[in-house]
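Have a look at the structure below, then the notes.
Any read-out appearing in this document is the output of simple, stated calculations on the displayed coordinates, not a laboratory observation. Just so it is clear, the structure is predicted and the values come from calculations on it, not from any experiment. Reconstructed Cβ throughout: ideal geometry from the backbone, glycine too, with neighbour counts over all protein chains shown.
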Amino acid sequence: MDPTFWHARWQQGQIGFHRQDYHPKLERWWPQLELPPGARVLAPLCGKSLDLRYLAGRGHEVIGCELSPLAAEAFFAEAGLAPERSAAGKSERWSAQGISILVGDFFDLQASDTGPLQAFYDRAALVALPSALRRDYATRLATLMPAGTAGLLLALDYPDGALEGPPFSVDTAEVHDILGPNFTVESVQRNAAADVPAQLRAPGASTMYESVYRLTRR
Ligand SMILES: C[S@@+](CC[C@H](N)C(=O)[O-])C[C@H]1O[C@@H](n2cnc3c(N)ncnc32)[C@H](O)[C@@H]1O
């Protein structure tokens, strides 16, 4: 998926992935990471997710990364916040009230842009990327996350060919394959996804599963 695909999605308002609530699996599993309130959390490919607000509400400093300035603009406007903007490497940092969005390409992100990180949260980030980019994503994440840090990954899987994607199907074997070299991967939940794309809602269509993984950087 090249950046123009995502810029067009935001320009055309085709953001079916966006939820109007905190993700229930974030609320269910995040507290179990037992992070101190001040822990700094990276949210790759964050869109304008309300989950950033959930994390900030738990006392975290949140660092999102998002290609689209329209998404960042919408996030802060909908939160009633006026962000300050500054340069951060190849990205631009938009910040207000403990939430920063680094507007730029995740693959360009450096530890000097994010500052020290203690945790990460991936919902609809890894599964937004085609297979050719997913290993690079895992490598970049491992580069940014110091040893001992933890994170939650929410991934989706469905039978081959059921959907063109994104979201792409990323099953447990692939999660272990691409993240296992640098992270300890623990599966904590897998169930039929509640919000599935329209193409999979037809009678007799295949089920999409949503899994939660707890990852610890080794
Ligand atoms: C499927 S959406 C998920 C957004 C968010 N995580 C959520 O749960 O609503 C994927 C987002 O990643 C952004 N994106 C795609 N490629 C990116 C990249 N290389 N760097 C930063 N953001 C990217 C897109 O603009 C889009 O907003």
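Taking every DSSP beta bridge that has both residues in region 38-117, what percent is antiparallel when rounded to the nearest 5?
That works out to approximately 55 percent antiparallel.
Note the direction-averaged projected area, equal to a quarter of the hull surface, for the Cα convex hull of the chain, in nm².
Here the figure is 11.2 nm², rounded to one decimal.
Specify, per residue and in Å³, the volume enclosed by the convex hull of the alpha carbon atoms belonging to region 141-218.
So the per-residue hull volume is 93 Å³.
Ranking V103, V41 by Cβ neighbours within 10 Å, fewest first, what do you get?
V103, V41
Applying the Karplus parametrisation 6.51 cos²θ - 1.76 cosθ + 1.60 with θ = phi - 60° to the phi angles of region 39-56, what ³J(HN,Hα) value in whole Hz is obtained for each residue in order, glycine and proline being reported as x?
4, 8, 10, 8, 10, x, 6, 7, x, 10, 4, 5, 4, 4, 6, 4, 5, 5
Can you put V62, V170 in order, fewest other beta carbons within 10 Å first?
If I rank by nearby Cβ atoms, fewest first, I get V170, V62.
Could you tell me which residue out of P83, G47, L117 lies farthest along the dipole of region 38-117 toward its positive end? Charges go on the beta carbon: Lys and Arg +1, Asp and Glu -1, centred on the Cα centre.
L117
For F107 and H18 in the same chain, what is the full-extension length gain: residue separation times 0.36 nm, less their Cα-Cα distance, in nm?
Fully extending the segment from F107 to H18 adds 29.8 nm.
Rounded to the nearest 500, what is the 222 nm mean residue ellipticity of the chain from helices alone, with -39500 (n - 2.57) per DSSP H run of 4+ residues and division by all residues?
My calculation for the chain gives -7000 deg cm²/dmol from helical runs alone.
Exposed loop sites here are GluC sites (Glu not before Pro) in DSSP loop states with at most 12 other C-beta atoms within 10 Å. What is the longest stretch of the chain lacking them?
In the chain, the maximal stretch lacking such sites is 35-163.
If you place +1 on the Cβ of every Lys and Arg, -1 on the Cβ of every Asp and Glu, and leave all else neutral, what size is the dipole of the chain about its Cα centre, to the nearest 20 Debye?
In total the dipole reaches around 360 debye.
Give the Kirkwood hydrodynamic radius (Å, one decimal) of region 38-117, defined as one over the mean of 1/r across all pairs of different Cα atoms.
12.1
How big is D, in µm² s⁻¹, for region 89-218 by Stokes-Einstein at 10 °C and 1.306 mPa s if Rh is the Kirkwood radius over C-alpha pairs?
The estimated diffusion coefficient comes to 100 µm²/s.
Please give the contour-minus-distance gain from Q189 to H176: 0.36 nm per residue of separation, less the Cα-Cα distance, rounded to one decimal in nm.
In short, 3.2 nm is gained.
Just to be sure I understand the model, the point goes 7 Å from the Cα along the line to the Cβ. What's the resulting Q11 to E27 distance in nm?
About 3.7 nm, to one decimal.
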